[in-house]
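This report refers to the structure that appears directly beneath it.
The values are calculated or read from the model by the stated rules, or taken from the named source; none is laboratory data. Predicted model only: the values in this text are computed from it and were never measured. Virtual Cβ from ideal backbone geometry, glycine too; neighbours counted across all protein chains shown.
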Amino acid sequence: MQTQTLSVSRGSQFATDVCAGLSKPGQKELPSKYLYDEVGSALFEVICALPEYGLTRAEERLLQQHAREIVDQLPRPVVVAELGSGTGRKTRLLLEALSRWQSTWYHPIEISPTALAVCRRELRDINSISIVGFEREYLDGLREVAARRVNSEHLLVLFLGSTLGNFDGSAGAEFLSELRQILQAGDSLLLGTDLRKPLDVLVPAYDDALGVTAAFNRNLLARVNSELGGDFNLSQFAHQAVFNPRTHSIEMHLRSRISQTVNIAEAGLAFRFGEDETIWTESSHKYSREELYQLAQLTGFRCQSQWIDSEWSFAENLWIAE
Ligand SMILES: C[S@@+](CC[C@H](N)C(=O)[O-])C[C@H]1O[C@@H](n2cnc3c(N)ncnc32)[C@H](O)[C@@H]1O
């Protein structure tokens with residue numbers, strides 16, 4: 001079937017965002033979207049297979065059990081757009097269920113060219129599915145997909161893997177409201193969300209025994225070194241996963257083991273780190289079921305169905321734009 005990718009360049013934005021994040025007074029930070037270069041995307045795939053990271057297997061089980069039921073609730077014809085598709089492994093279950101009753105356009109929207117290329121390669125064998133990928137930020141890509149649809153077509157937006165949880169605080173709700181503005185009433189959003197669970201299960205999911213998540217986190221510094229001429233000494237930054245009870249989020253940080261200065265040649269800037277000072281690199285919010293119902297209402301959706309995994313507390317939510 002047909003596959004294609006549309007891409008744009010975003011090199012200097014990386015330098016701007018890194019410098020802004022490391023210059024922040026108080027907590028230094030780096031945007032989590034930069035975790036996914038070629039190495040980062042490959043490491044994320046390994047994380048998904050780790051015994052501690054039950055999240056991906058939970059969502060895969062839910063889609064295995066309910067993909068047909070999900071697609072049977074959708075209006076037809078439907079065009080599928082996926083935000084942050086990664087390799088699209090779980091999406092295969094939905095696309096195969098859809099291909100039973102219609103030819104379908106599938107638009108993965110990805111910031112990582114590596115993940116996008118794998119996604120297109122992995123899914124291209126599915127009958128009746130045509131793939132046009134967008135190497136874009138989530139909503140930029142979705143606007144392009146929405147602009148291409150013809151009148152009678154409905155949109156199904158997939159946002160799997162609890163990636164919404166990477167938005168901090170009220171940013172998640174703001175993002176969903178913006179997303180809703182791009183949709184028409186009756187369009188659907190399939191949202192995968194990780195639920196609250198005991199800390200002895202949650203924390204190891206972000207700090208595994210093999211150290212893969214630590215490597216995924218530190219790779220962000222390696223990326224600054226290779227793409228922006230940074231001189232981060234990776235062994236002098238420790239991976240940390242801490243639960244923030246106020247925000248119900250797991251936060252990943254990189255903690256400076258010593259007092260040190262890091263130079264970034266591309267920016268012509270030097271950044272001071274005190275001993276134990278951290279760079280905040282990612283948040284993963286954990287939801288309650290009630291919070292999800294409220295979030296749907298607040299952002300212009302109605303929760304049509306929700307499926308919960310019985311082994312790992314994870315919810316797949318089918319929302320309809322009102
Ligand atoms: C947590 S992974 C989830 C991947 C996949 N959906 C899954 O469930 O396994 C997040 C994915 O979103 C992509 N991503 C992160 N920020 C993005 C952004 N601002 N715009 C588009 N894609 C983004 C990453 O490259 C990564 O593949």
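Counting only helices (runs of 4 or more DSSP H) that fall entirely inside the range 91-186 and contain at least 3 residues that are within 13 Å of the ligand (Cβ to nearest atom) and touching a residue at least 60 places away in the same chain (Cβ under 8 Å), the qualifying elements are 113-123, 138-148. Could you go through the range 101-123 and let me know if any residue there is charged (D, E, K, R) and closer than 26 Å to Ser177 by Cα. There is at least one residue in the range 101-123 that is charged (D, E, K, R) and closer than 26 Å to Ser177 by Cα. When Arg121 is tested against the conditions (1) surrounded by fewer than 17 Cβ atoms within 10 Å (Cβ to Cβ); (2) over 22 Å from Glu135 (Cα atoms), the lone failure is (2). Condition first: under 21 Å from Asn217 (Cα atoms), in contact with a Pro (Cβ under 7 Å, 6 or more places away or on another chain), within 13 Å of the ligand (Cβ to nearest atom) and part of a helix (DSSP H, G or I). Can you find one or more residues in the range 40-48 that meet it? No, because not a single residue in the range 40-48 is under 21 Å from Asn217 (Cα atoms), in contact with a Pro (Cβ under 7 Å, 6 or more places away or on another chain), within 13 Å of the ligand (Cβ to nearest atom) and part of a helix (DSSP H, G or I). Of all residues in the range 58-74, those satisfying the criterion of being part of a helix (DSSP H, G or I) and either of a type in the set (A, V, I, L, M, F, W, C) or over 13 Å from Leu93 (Cα atoms) (or both) are Ala58, Leu62, Leu63, Ala67, Ile70, Val71, Asp72. Residues in the range 296-308 that are buried (at least 20 other Cβ atoms within 10 Å of the Cβ) and either touching a helix residue (DSSP H, G or I) at 6+ places or on another chain (Cβ under 6 Å) or more than 15 Å from Arg180 (Cα to Cα) (or both): Thr299 alone. Just one of the listed residues (Glu251, Glu227) is within 23 Å of Glu45 (Cβ to Cβ), surrounded by 15 or more Cβ atoms within 10 Å (Cβ to Cβ), at pLDDT 95 or above and out of contact with any helix residue (DSSP H, G or I) (no Cβ under 8 Å at 6 or more places or on another chain), and it is Glu251.
Where strands (runs of 3 or more DSSP E) fall entirely within the range 220-322, those with at least 1 residues that are among the hydrophobic types (A, V, I, L, M, F, W, C) and within 20 Å of Ser23 (Cα to Cα) are at 237-244, 249-256, 260-264, 269-273, 278-285.
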